[in-house]
Amino acid sequence: MKPLEVLLVDDHPLVRAGLKLLIHSQPDMRVVGEAGTVAEGLLRAQESPPDIVVLDISMPGQSGLQGIERFRSLCAQTRILVLTMHDEAPYLRAALAAGCAGYIVKSAIDKDLLLALRMVRAGRPFVFLNGLEETPRPWSTARTSPRADPGAPELSAREREVLCWLAQGYTNQQTADRLFLSVKTVETYRQRIAQKLGLRDRAALVRYGIEMGILEHSSNDLV
């Protein structure tokens, strides 16, 4: 199999150097280019489109979030893996909305990044945020209606709506504001959802919502 070709786009030379050493330690991967800005990365990608662009969000000039859409428009076959210090849900939502194939925080260990690269190459989305779970795993990020699961209890339309917002990282209060409900009502729906699905905590609700495709993306959510 042809080695996975990776373009590194990060404004920190030491970060790029460390990533390059890690990737070159793998027989099935190689770094084919580096860039310190999104604009420079776009030029390199146009010259020789890589399989994956590893892209930071906080970049000088054009941001990584803007860069995701530009890379996708110029290099349709190239997948984008966001590697960032931001583990907040709004950044994740905005990156997914822009079209990234994976999102992983820089605090993840080396093997997690290598796994993310291989999963993204295989066309399987990969998301890892601190606090959601200790071991990263591939998550679906479908933008359509929830996938059917014959073995799962059926949720009402309102329960799916509440779960949708909770899965995006919104609090009970924020969910209530968006659905024009009281916080107490949202809490009641949340308890019903947890009971129906057998999910014990908020992290489990978030994971379920993402795995089932109950996730709406909007780049306007990032403030």
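For Glu216, state whether it is surrounded by fewer than 18 Cβ atoms within 10 Å (Cβ to Cβ), assigned to a loop (DSSP other than H, G, I, E, B) and at pLDDT below 75.
yes
Any residue at all in segment 26-37 that is out of contact with any Gly (no Cβ under 8 Å at 6 or more places or on another chain) and in a helix (DSSP H, G or I)?
no
Within segment 82-94, which residues are closer than 18 Å to Val15 by Cβ and out of contact with any Lys or Arg (no Cβ under 8 Å at 6 or more places or on another chain)?
Result: Val82, His86, Asp87, Tyr91.
Quick check: anything in segment 74-82 surrounded by fewer than 22 Cβ atoms within 10 Å (Cβ to Cβ), among the aliphatic types (A, V, I, L, M), part of a helix (DSSP H, G or I) and more than 14 Å from the chain's Cα centre (by Cα)?
Checking segment 74-82: at least one residue is surrounded by fewer than 22 Cβ atoms within 10 Å (Cβ to Cβ), among the aliphatic types (A, V, I, L, M), part of a helix (DSSP H, G or I) and more than 14 Å from the chain's Cα centre (by Cα).
Could you list all residues from segment 10-53 that are within 18 Å of Arg72 (Cα to Cα), surrounded by 14 or more Cβ atoms within 10 Å (Cβ to Cβ) and among the small types (Gly, Ala, Ser)?
Gly33, Ala35, Ala39, Gly41, Ala45
The values are calculated or read from the model by the stated rules, or taken from the named source; none is laboratory data. Remember, it's a predicted structure, so these values are computed and weren't measured experimentally. Glycine gets a Cβ as well: all are built from the backbone with ideal geometry, and neighbour counts include every protein chain shown.
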